[in-house]
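Notes for the one structure printed next.
The values are calculated or read from the model by the stated rules, or taken from the named source; none is laboratory data. Source: prediction; values computed, not measured. For neighbour counting, all protein chains shown are included, and Cβ atoms are generated from backbone atoms with ideal geometry for every residue, glycine included.
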Ligand SMILES: Nc1ncnc2c1ncn2[C@@H]1O[C@H](COP(=O)(O)OP(=O)(O)OP(=O)(O)O)[C@@H](O)[C@H]1O
Ligand SMILES: [Mg+2]
């Protein structure tokens with residue numbers, strides 16, 4: 001059965017798109033994976049990965065102008081994507097709830113579908129959560145980002161989605177940042193990965209590549225590979241944080257893989 005994992009945050013700019021792209025690329029080495037840009041109003045996947053000439057996108061599918069399979073593209077890194085391009089006109093008429101219906105057409109097309117989503121808790125962001133089965137929270141080690149993540153977790157729980165855990169991104173290890181255990185206490189879910197603030201992430205963005213593809217040996221890429229492995233139920237013992245064993249067991253059990 002296909003797994004639908006939505007990457008969400010609450011606060012904008014914390015690294016959802018970067019993480020969705022990197023995790024989808026990293027998972028793609030082990031499983032058939034597809035990245036869907038479910039950030040319908042401000043889609044970013046296409047800007048992160050370069051803009052090929054797109055005949056059909058997720059928006060065409062939502063407008064009944066194409067099938068989802070016609071909107072699948074393969075990026076030069078090997079990552080398969082369903083991009084989105086939207087106009088203000090499209091958004092005025094859009095029925096966001098339709099996303100959860102059309103996305104099921106991808107059943108069997110991939111083992112894992114990673115969905116990038118928009119910031120906030122708008123109807124649009126909630127539709128992306130509704131269209132998934134599992135939710136991965138991205139945050140930064142700052143109180144405002146974590147408090148927004150808290151609300152997102154609450155919504156995901158209320159609509160019965162499995163919350164896989166939280167990834168703390170852009171960690172600089174400064175004394176002003178929240179620590180892993182503080183984030184866990186505030187969110188009541190495990191931190192399953194920590195991505196350092198890494199200038200190579202921005203270099204990869206400039207090159208329009210997943211960082212895991214263009215800069216595979218960097219700290220950020222290694223962290224993404226590790227989280228990807230964890231989400232696929234693989235065992236990693238050299239985790240960036242000492243709690244890896246507990247986190248790993250939590251995740252594996254949660255996914256029925258333990
Ligand atoms: N680990 C990191 N180290 C350095 N820069 C990063 C890291 N993660 C993300 N960035 C940068 O932060 C910026 C925002 O990232 P991204 O677009 O992934 O965030 P987002 O949560 O998807 O934003 P939005 O809410 O607008 O969709 C980008 O310029 C990206 O390159
Ligand atoms: Mg984004």
If I filter region 16-33 down to residues being away from ligand 2 (no atom under 13 Å from the Cβ) and crowded, with 24+ Cβ neighbours inside 10 Å, which single residue comes out as nearest to residue 170 (Cα to Cα)?
23
Considering only region 205-228, how many residues are more than 17 Å from the chain's Cα centre (by Cα) and in a helix (DSSP H, G or I)?
4
Can you pull out every residue in region 132-161 that is touching a helix residue (DSSP H, G or I) at 6+ places or on another chain (Cβ under 9 Å) and either closer than 13 Å to residue 121 by Cβ or surrounded by fewer than 17 Cβ atoms within 10 Å (Cβ to Cβ) (or both)?
135, 137, 143, 147, 149, 150, 152, 153, 155, 156, 159
Out of the residues in region 89-118 that are away from ligand 1 (no atom under 16 Å from the Cβ), in contact with a strand residue (DSSP E or B) (Cβ under 8 Å, 6 or more places away or on another chain) and outside any strand (DSSP E or B), which is nearest to residue 32 (Cα to Cα)?
111
Quickly run through region 57-68 and pick out the residues that are touching a strand residue (DSSP E or B) at 6+ places or on another chain (Cβ under 9 Å) and either in a loop (DSSP other than H, G, I, E, B) or within 15 Å of ligand 1 (Cβ to nearest atom) (or both).
57
Kindly evaluate residue 191 against the criterion of being within 22 Å of residue 112 (Cα to Cα) and either more than 19 Å from the chain's Cα centre (by Cα) or modelled with pLDDT under 95 (or both).
yes
